[in-house]
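Single-structure report; data block below.
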Amino acid sequence: MKRSIAAVLVCLLALDFVAFAGLGGDKTAYIGGTENQIKEGTEGMSSAKDDKKFVFEYKDGNLAIPYDQVNDLEYGQKAGRRVGLAIAVSPWLLLSKKRKHFLTVGWKDEKDQQHAAVFELGKSIVRVTLVTLEARTGRKVDYQDDEARKSGMGGA
């Protein structure tokens, strides 16, 4: 009986870490927008290292957004408590928050059509992505609130 209880506890602890692994710190996910060729929730890698365009690379292709066509940059966060899973898996999870980082990019194409894409950024690439996009596009990032501004600027 004690071994069974111990095995269940070990499994629950393992589930804690797996269930909240979420998006990797250096990953990007396409959340939605006007780009119908990309399925919502598609994970990949983003980069603002190119001199001419922001690139989101995913398994089936890539989305390249020329910096000179970008007309909108917005950053925001969503933090939520994991109540349902905490009750099911571990009450300790009630004390934790998962913060998601969202970047919205708006741009006009060669035909003057407006496009938009919302990306979830991994925690470790938020700051560098935002400052690089500002530098390369010449546009300031609009922060949704003070909490997002602190996080995006490398604050607490």
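Bear in mind that the values in this text are calculations on the coordinates, not laboratory data. This is a predicted model, so every value here is computed, not measured. We place every Cβ from the backbone using ideal geometry, glycine too, and count neighbours over all the protein chains shown.
Miscellaneous remarks
- Karplus (6.51, -1.76, 1.60) ³J(HN,Hα), θ = phi - 60°, over region 70-78, in Hz, Gly and Pro reported as x: 6, 10, 7, 9, 9, 10, x, 10, 9
- Long-range HN-HN contacts of Lys53 with modeled amide H, under 5 Å: Tyr67
- Karplus (6.51, -1.76, 1.60) ³J(HN,Hα), θ = phi - 60°, over region 28-41, in Hz, Gly and Pro reported as x: 9, 10, 7, 8, x, x, 8, 8, 5, 6, 10, 6, 4, x
- Proximity of backbone amide H atoms, modeled 1.01 Å from N, is registered between Lys27 and Gly122 at under 5 Å, excluding neighbours fewer than 5 places apart on the same chain.
- Local electrostatic count at Ala116 - Lys and Arg +1, Asp and Glu -1, tallied over other residues with Cβ under 9 Å: -2
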